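Comments concern the structure below.
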Amino acid sequence: MRLLVHIIEARNLLAKDSNGSSDPFVVLQLGNQKFRTKVIDMSLNPSWDEKFSFEVRDVRDALRLVVYDKDLIGKDFLGKVKFPLSDLMNTGDLSFGTQWYKLQPESEKSKIKECGEIHVMILMERGELRHAFSEPLPRPDTPKKSDRVPSSLSHTISDIESILSKQDFDSNSVSETINETVGREQSQNTSSTDNADEKPNDEPTLAGKLRNIFTGKVPDIPSIPETPLAEALRTPFSGTPFAGPAKTPFKEPTLLDVHQKISETVPLTDVSPSFDELLKSFESRNKNAEMPSNLPGGVLLDQHYIATPSELNSIIFSPGSDFLQLLSEIQKSTNFQADMWKIENEGQFLKRGVSYIMPPSTMVKAVKAMDEQNYLKADGNSFCVLSSVSTPDLPAVGSYFKTEVLFCITSGPDLPTQEKTSHLVISWRINFIQSTMLKGRIESGARQGLKESYAKFADLLSQKVKIADLREPGTEKDQLLADLQAERVSIRKLIMMYFGNFTVVSYGLVLLSVLLHLMIIKESERQGLEFSCLDMPDSICEIAIGGLLVLQGQQVLNKVRRFVQARRQQGGDHGVKAQGDGWLLTVALIEGHKLAAVDLTGSSDPYVVFSCNGMMKTSSIKFQTLAPQWNEIFEYDAMLDPPSVLRIDVYDFDGPFDEITSLGYAEINFVKSNLSDLADVWVPLQGNLAMSCESKLRLRIFLNNSKGTEVVSEYLKVMEKEVGHKIRMRSAQAHAEFQKIFHLPAEEFLINDFSCQLKRKMSLQGRLFLSPRIIAFYSSLFGHKIRFYFLWEDIEDIQVICSSHGFQSIFVILHKGKGLDAKHGSKSTENGKLKFHFQNFVSFTVAKRTIVALWKARSLTPEQKLQIAAEESGDRNLNHEDSGQFLGLEDAKKTEVFSSVLQFDINSLMEAFDGGPLELRVMEAVGCIEYTPTEWESVRSDTYQRQTYYKCGKSLSACGGAASSTQQKIPLGDGKKGWIIDEVMELQGVLLGDYYNIHTRYQIEDLSPKQKACNVQVSLGVAWQKSTKHQKRVTKNVISNATKLIQKTFGQIEKELASPK
């Protein structure tokens, strides 16, 4: 009984390729019988019109049709449909007819429900229907008698294998081997027939059919029993069933052909090739395969081992190895299953499937992972395997992406002991099947998960194979940079490249023709308004030609000018050695790829500018190329604090209209990058031109510290002067825990941390961590963890706000488009700028000073830092922490700047200091914007305290800024009636504002009952926290401006109190 299937066409398939199309083909499977259609390139509505025939061995089976999209490596799922044979048997005519069937998604949880439709015809052949039902249905695990392999055939195939394994075998040897088996089989058949008293069977024996295949002879056989083995044997290795005499020349088969052709229909365990044989067969079909480059996600493992590449490959991927099984147990995965390696697509692919259940986490339940492993290269000395892991059951995003890991095993250098070594490099990337807004979070989570997983991989592999340490201390960087030699181009070649275009050549020819014309013409008579030494054009054509020559000449002269300027920049900053000790950054610019063309010639003159910590390095200019080769090395002078970001800008030197044209830009974030991954990396460029052309640069980046642990202590000493209090060095354990929480590189160290509250829709208590490059927040409540960080360079402004309840808060506002990874911790977003709100600090003053000082240190240019460092004169007495008391006023020498008798009673006058409407109107009138006072609170007997905050209007400061102050109110002593109000004011956003505080004292004495008036005296001074050579000039300006503000304030108070209510 046979099942006939006609695959006609499909429509509305999914588009899996980047060009909006797919390359579909269909895989048909019934039991262990499998066929596939041809591939239709670039079509969502393919037409196949192919027919297939299956032998029905068990009516409980189901026919499965799966539509795939063929890729360069592997395939993508498009849809599937299933036809149980039991449903077909229930139809009246044993046929489903010709119908359109809806394709189903890969899993029920898949978000993609519409996969298209397929047009097929399915029917059951009636020939042996009665016979099929007259026998009991065989058990699934019991092979039918016709499927069993005769022992003679098993010996025959073994003999054929031994012959075919020789490189100089011929078909005669194969025929002789089969003839011997034919005799053995015929004698066995005759003996069995005689003993059973049955009529001899006239059908050719199985070995006879094999002989016909290898000798190219096709006997005239009326019918061949429809068994799987007979079907395989009567099918030549070209793939077309015998229908008569062969019309094509006989092609000698290979061992792979024998295995593949017979095992396609009958599972012969006796003749299954070994892992090494499969690798050799794969190598014979893929001799010219190249070793691919590392995947762009980064390198997970780069190590040398004392083993040959073949041995290392067998340890990891051989079916007999328990390495992956042990690894899954270490990673707490369950239900690990690995299929056997198999050859597909006529030897082009060697692949297998691996499945396991990943352990649950705090956020995600246990899910099944399916790993498809494909060999891309295997030649004995080098192996390359691409592992594509999918988790379709992962909630929400499981069907959106696949994680691809590339294993590259190559030969390494021999050790002095003559031992062989191999080099294993494992890289990764995320292949997004569908676009999603969670792309950044998926990549971040996958990066961390893969790092942890392959750290365990490396530990387990080091137990199996000994690591070969080939590197000498301090030489890795030198070895990678030693082979870089800047390309030297002769001046003649540069001139030909730059001036060899139509504009210059045509102008030269025209100019030459003009000179020749002047040489051969005779002097003509003067006409019209011409006179001696002035020859005017005689026609409109001469005017036009003269104008064109002038314009074209101007273009040529501009090109000459640009060429001369470019030659001056030809050397760039290549080879300039770094100066000093500290953090040393070295960048090697190797090459560019697919840069955008902006010149009329279809090319560009690119050069690159690197910016880091305010220092810039410029490469040489490469003329008329879209794939420049630089091989230039740039070294930055030593930096006290580790760099956060390396900015890369690519420009075209000869842009249109004499403007600099950007060819793209990129940023390297050292906090989020693994320094080992930057040793050789392709960096994709951003920008409209770069993204449309998929431009990228190849760089080698090295960051190291020449001072070791000393650089940390020196950095803290400098920051102590900036902050104004002692900063103690944290323990190595504290640094390690800090790095672990936020997944930071080893060079990041903790400066300070504060307990605070993150204010957003729901306030969250946690800790704020400060380091040289980042400000980070972490909270863990009821098992729910919140963590985020952003760079100091991302901060646009820091504001200190005093609430109406007396709480002081810090608002951090980021630049537009920065810190998006920390968006979940922001309070609000204004014009694309994230705003973070921190409050309830235990020691607000220390926290505010430290945060502002670190931000200023990262924001200042190196020149400003050097100037400030030169102005520092001695260390002040530093305390380990703030005492928590009100800042002493004795540090400032105060001068009386205002004295007046105001004709108002003290109760009316004190309304200007109680936070009421009068005070708000007065402060707004004098230029204090958003003036916010808190209520007076009792701190001890007869002593009250409050905070104020306001922004400076243009009438107060042309540069803006803000001021926050703490005021303390106590009664007058010595029997006098009145109050003393002391104020300490700090300025933000004002030049040198963090260098000093303004101390003010208001003394208000009630003169009643002598008169209904008050005596007001105001004195102020400046308390310097850090010294500067401009101290006297700044003090004079501050006192002058503050005096004017005080006079203006009390003048406004008199005006408000005198006006009728």
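Tabulated data for the structure shown
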item	result
Where labels lie 7 Å past Cα in the beta-carbon direction, separation of ARG60 and MET121 in nm	3.2
Pair ILE8, ASP339: separation of 7 Å Cα→Cβ label points (nm)	3.1
Mean accessible surface per residue for the stretch 568-705, computed with a 1.4 Å probe while every protein chain stays in place, in Å²	40
Carbon + sulfur, % of accessible area of the stretch 568-705 - ligands and nucleic acids excluded, 1.4 Å	51
Under Karplus coefficients 6.51, -1.76 and 1.60, residue-wise ³J(HN,Hα) of the stretch 834-841 in Hz, glycine/proline x	7, 10, 10, 10, 10, 8, 6, 6
Hz values of 3J(HN,Hα) by residue in the stretch 17-26 - Karplus curve (6.51, -1.76, 1.60), Gly and Pro given as x	8, 5, 8, x, 9, 8, 10, x, 8, 10
Amide H contacts under 5 Å for THR661, placed H, 5+ residues apart	ASP652, GLY655
For the stretch 5-10, Karplus couplings with θ = phi - 60° (6.51, -1.76, 1.60), whole Hz, Gly/Pro x	10, 10, 8, 8, 6, 8
Residue-count net charge about ASN674 - beta-carbon cut-off 12 Å; Lys, Arg +1, Asp, Glu -1	0
Share of carbon and sulfur in the accessible heavy-atom surface of the stretch 275-470 [1.4 Å probe, %]	49
Gyration tensor verdict on the stretch 736-853 (Cα atoms; rounded if a/c is under 1.5, prolate if a/b is larger than b/c, oblate otherwise)	rounded
Efficiency of FRET between ASN1015 and SER780 - r from beta-carbon atoms, R0 60 angstrom, step 0.05	0.55
Net charge of neighbours whose Cβ lies under 13 Å from the Cβ of PHE811, counting Lys and Arg as +1 and Asp and Glu as -1	+3
Probe 1.4 Å, accessible area per residue of the stretch 895-1058, Å²	50
Built amide H within the under 5 Å cut-off of SER828, gap 5+	LYS835
Cα shape, the stretch 2-125, gyration tensor, a/c 1.5 rule	prolate
Å² per residue, accessible surface of the stretch 28-77 at 1.4 Å	50
Accessible-area value, CYS541, 1.4 Å probe, nucleic acids and ligands omitted, Å²	90
Residues LYS827 and GLU930, FRET efficiency given R0 of 25 Å [Cβ-Cβ distance, rounded to 0.05]	0.90
Unit charges on C-beta of K, R, D, E only; dipole of the stretch 568-705, Debye	260
5 angstrom amide H check on SER695, placed H, neighbours 5+ away	LEU685
Gyration tensor (alpha-carbon) shape descriptor, the stretch 895-1058, a/c threshold 1.5	prolate
Inter-probe distance in nm under a simple model that places probes 7 Å from Cα toward Cβ, at LEU548 and ASP677	5.7
Stretchable slack from LEU820 to ILE520, in nm (0.36 nm times residue separation minus alpha-carbon distance)	100.6 nm
Summed side-chain charge close to TYR101 - residues other than TYR101 whose Cβ falls under 13 Å, Lys, Arg +1, Asp, Glu -1	+2
Alpha-carbon Rg/Rh ratio, for the stretch 275-470, with Rh computed the Kirkwood way	0.97
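The values are calculated or read from the model by the stated rules, or taken from the named source; none is laboratory data. In this text the structure is predicted, and so the values were computed from the model without any measurement. Note: ideal-geometry Cβ built from the backbone for every residue, glycine included; neighbour counts use all protein chains shown. Just the protein is used for accessible areas: all its heavy atoms, side chains included, with ligands, DNA and RNA removed. Shrake-Rupley method; radii C 1.70, N 1.55, O 1.52, S 1.80 Å.
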